1. Name the long-range amide H neighbours of Arg282: under 5 Å, sequence gap of 5 or more, or other chain; modelled H, no Pro or chain starts.
2. Return an integer: the convex hull volume of the alpha-carbon atoms of the chain, in Å³ per residue.
3. Which order do Leu359, Leu264 fall in if you start with the one that has the fewest other Cβ atoms within 10 Å?
4. Just how large is the dipole of region 321-390 about the Cα centre, in debye to the nearest 20, putting +1 at every Lys and Arg Cβ and -1 at every Asp and Glu Cβ?
5. When only DSSP loop residues count, what trypsin sites (Lys or Arg not before Pro) in region 166-261 have their Cβ near at most 14 other Cβ atoms within 10 Å?
6. Please order Ile168, Ile306 by the number of other Cβ within 10 Å, starting at the fewest.
7. Using the count of nearby Cβ atoms within 10 Å as a rough guide to exposure, how do Met70, Met339, Met120 rank from fewest to most?
8. With the convex hull built on the Cα atoms of region 86-162, state its orientation-averaged projected area in nm².
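Taken together, the values in this text are just the output of simple stated rules run on the coordinates, not laboratory data. Quantities reported herein were computed from a predicted structural model and do not represent experimental measurements. Ideal geometry is used to build each Cβ from the backbone, glycine not excepted, and the neighbour counts take in all protein chains shown.
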Amino acid sequence: MSSNDNSSNSKTCIFCDAALTPLTKPEHILLNGLGGRKSSRDLICDRHNGDFGSTIDKALLDQVTVIRNMLQLESGQGRPPPMLRRIEAGKEIFNIRNDGSFQQVARPFTITKREDGATMLSVNARSWEHVAELIPNIAAALNTTEDKVRDILKASPAESVWKRPDPIRHDVLLGGPEALRSMAKACVELWATVAGKEDVKSAAFSAARQFILSGAADFLRNRTSQDYRHLPCAGALATRYGEFFNLIYVQSDASGRVIGHFTLYNMMAWQIVLADGGKPRRRVGLVSNPLDPGVWSDAIAGEFDIGCAWLSAPEIDDDQARYVSRVEAMVKHHQWKAMGVSVERIVAEELKKLGIADLLTEPDHGKRMKAVQAISHRVALHVMNVPHSQKLGPDEVAARLNEAEASKS
């Protein structure tokens, strides 16, 4: 959104005097990685856009990588959530893909020589399609043909194991100097859309601009605060924009004291005193639903007047009960979603084994009941965290491998 500022400042970056043009790279006011959709070419130059993106914006996004993966949060432009690499779960190591599925980090196959001269091949694959993909590599390692490897595999027994990984510990630390600079930048940029760029380029905002550009210990100490309070309008915002909404809200009082409030996933918030002497009696807000980035608004300040008195009095020394409750809500959301995905995979696997396209429309009552029993058994094991193991003879191995290779062609 362009401001109504008609001065020369409207054509230059708010952090320097570089000219802005229709070709200037758009700046996401709420970061794209947080689900932000609102962008502008009228705020900052390409140099500062790139500098911030690789430093302070990256610092903030790095802090929420685990949250984005857990909740399966796409970017504002629809890109998938980040992958988590080399996560320890007991004695095993996994990558957690951007679709939430687990990929064990282990050697996919090993070749050992026995004392009697025989060669032992052991394959540890995540699927039969993965086994098929490994055949050329195994053939090269054995210095033989791919057909010979297929013959070896099809003549060998196998074991299919479905299990949940051991508990995983994630350390999520939010805030800190670099992330606060990114939040302050977002607040200043949003303020410029209603107060004009001449306001944010004025002397009143010089300390905030300097903090954003290079950091300043006194600004961090005296003008930023963590805030554990519930927003006065948190319930209404959660109803409309999801229980993990992101919010930037900036307001000035009658004297021109400008205060920004940055709420991250409706879990933690920070207050930032941006200026004394800015344009008075104005307010602006930007809210997004990271679970559904297409749902957002930059007009909520017209509905919700949080009030300068509330914004001026952050609480930083309570028992953090709200923060803990929000973390618990996130974990519960993740667990239910992950359980749903696992159940869907179990259902798909069991129906595929029995050659059933749709359980509800399958005409063979006996096959339906067999599928229901198999699915119920596996889901119960999964819920109780008991591994499901199935021994496969050579004939079944051959059938699974043939099917996997056929699906590739």
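1. Ser252
2. Value for the chain: 209 Å³ per residue.
3. Lowest to highest Cβ neighbour count: Leu359, Leu264.
4. Details: 11 positive and 7 negative charges, 52 e Å.
For this selection, approximately 240 debye.
5. Values: sites: Arg169, Arg181, Lys185, Lys197, Lys201, Arg209, Arg221, Arg223, Arg229, Arg240, Arg257; in loops: Arg169, Lys201, Arg229.
Of the trypsin sites (Lys or Arg not before Pro), the ones in loops of region 166-261 whose Cβ has at most 14 other Cβ atoms within 10 Å are Arg169.
6. On the way: Ile168 14, Ile306 19.
With the fewest neighbours first, Ile168, Ile306 line up as Ile168, Ile306.
7. Details: Met70 22, Met339 14, Met120 9.
In increasing order of surrounding Cβ atoms, one gets Met120, Met339, Met70.
8. Details: hull surface 26.4 nm².
For the Cα atoms of region 86-162, the hull's average projected area reads 6.6 nm².
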